[in-house]
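Here is the structure we will look at, set down as structure tokens.
The values are calculated or read from the model by the stated rules, or taken from the named source; none is laboratory data. Here the structure is a predicted model, which is why all the values come from computation and not from measurement. Glycine also receives a Cβ, built like all others from the backbone with ideal geometry; neighbour counts cover every protein chain displayed. Ligands, DNA and RNA are stripped out before the accessible areas are found, and what is left, the full protein with its side chains, is counted by its heavy atoms. Shrake-Rupley method; radii C 1.70, N 1.55, O 1.52, S 1.80 Å.
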Amino acid sequence: MANSPAPSADHLGQKLYEGKAKIIYATDNPEVLITYFKDDATAFNAQKRGQILNKGVINCKITAYLYALLEKQGIATHLLETTSEREQRIKRVQIVPLEVVVRNLAAGSLCKQTGIALGTKLEPSLVEFYYKNDDLGDPLLTRDRIFAMGLTSPERLTELTQKAEAINHILSQFFTRCGITLVDFKLEFGTDSAGTLLLADEISPDTCRLWDTSQPDERQRVMDKDRFRQDLGNVAAGYQAVLERIAAQLENPA
Ligand code: UDP
């Protein structure tokens, strides 16, 4: 299987980190990094691996659109500038080792672990914290476990929760206007050199569950990485459709 096209090495510094979907490079400014979006896809803690054609380009664009939307509404992010179709200049942050998951409708691990039926509306929405640790399989944490492990302070946890709720409010409304239901999503945050909490990583069909609101069929409505996880086919087409709806909505707000 072909790899993602090579990063344009001319302006890239040393490779600092290669994750499942992105590569991070240094730049000549210690406060600035470059993130490169790959086509590689993994699921089930990397037990399932594959490639989604052009995913890196699509996710880079979607993240750029959504982070600009969030910035406009007062959410500080790490994103400085999109510099090519797969690359963004980002502020260097120290990543908080928590995956913050927001759930509006029940899906995925919530259904598996609790028996709540797929698609059940969650009111209020859930904000959950998972430990960012592949060796441990990213376990679900409790507040007490987070403090026992020294992962963050009570004040920071409150700030993370409030930011996640604010982001959910903005994104849910926006996706509704796109005809898309924001089922759930994962966020990552980091602190910059001044200690300010910034939204980091990406928001894309890799990290969200997105259902075509007007499509009643359970398999056909899926526009996100569940198409890959569940072998539903037309994975790249799902991602592309999300991008097109976001772009259309931003160009022509209803
Ligand atoms: N998610 C993610 N990265 C992870 C785990 C989850 O982006 O390592 C996203 C996932 O795409 C979904 C939401 O977080 O939008 C909730 O995922 P869930 O806990 O249901 O886990 P899953 O069953 O999808 O692994």
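Let's see how each residue does on (1) touching a Ser or Thr at 6+ places or on another chain (Cβ under 8 Å); (2) outside any loop (DSSP other than H, G, I, E, B); (3) buried (at least 18 other Cβ atoms within 10 Å of the Cβ); (4) of a type in the set (Phe, Trp, Tyr):
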residue: Ala164; (1), (2), (3), (4): no, yes, yes, no
residue: Phe174; (1), (2), (3), (4): no, yes, yes, yes
residue: Gln220; (1), (2), (3), (4): no, no, no, no
residue: Asp224; (1), (2), (3), (4): no, no, yes, no
residue: Gln249; (1), (2), (3), (4): no, yes, yes, no
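Matching residues to (1) part of a strand (DSSP E or B); (2) touching a residue at least 40 places away in the same chain (Cβ under 8 Å); (3) buried (at least 17 other Cβ atoms within 10 Å of the Cβ); (4) of a type in the set (D, E, K, R):
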position: Asp144; (1), (2), (3), (4): no, no, no, yes
position: Thr152; (1), (2), (3), (4): no, yes, yes, no
position: Glu159; (1), (2), (3), (4): no, no, no, yes
position: Ser193; (1), (2), (3), (4): no, yes, no, no
position: Ser214; (1), (2), (3), (4): no, no, no, no
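Among the numbered criteria (1) basic (Lys, Arg); (2) open to solvent by 50 Å² or more (accessible area, probe 1.4 Å); (3) in contact with a strand residue (DSSP E or B) (Cβ under 9 Å, 6 or more places away or on another chain), which single criterion is violated by Lys112?
(3)
Against the conditions (1) part of a strand (DSSP E or B); (2) more than 15 Å from the ligand (Cβ to nearest atom), where does Thr181 fall short? Just the number, please.
(2)
Of the residues that sit in the range 42-59 and are under 18 Å from Glu188 (Cβ atoms) and touching a residue at least 60 places away in the same chain (Cβ under 8 Å), which one is surrounded by the fewest Cβ atoms within 10 Å (Cβ to Cβ)?
Per the stated criteria, the residue is Ala46.
Looking only at the range 40-97, which residues are part of a loop (DSSP other than H, G, I, E, B) and of a type in the set (Asp, Glu)?
Answer for the range 40-97, where residues must be part of a loop (DSSP other than H, G, I, E, B) and of a type in the set (Asp, Glu): just Glu85.
Among the residues of the range 115-164, count how many are over 17 Å from the mean Cα position of the chain (by Cα), of a type in the set (Lys, Arg) and under 22 Å from Leu198 (Cβ atoms).
Residues flagged as over 17 Å from the mean Cα position of the chain (by Cα), of a type in the set (Lys, Arg) and under 22 Å from Leu198 (Cβ atoms) within the range 115-164 amount to 1.
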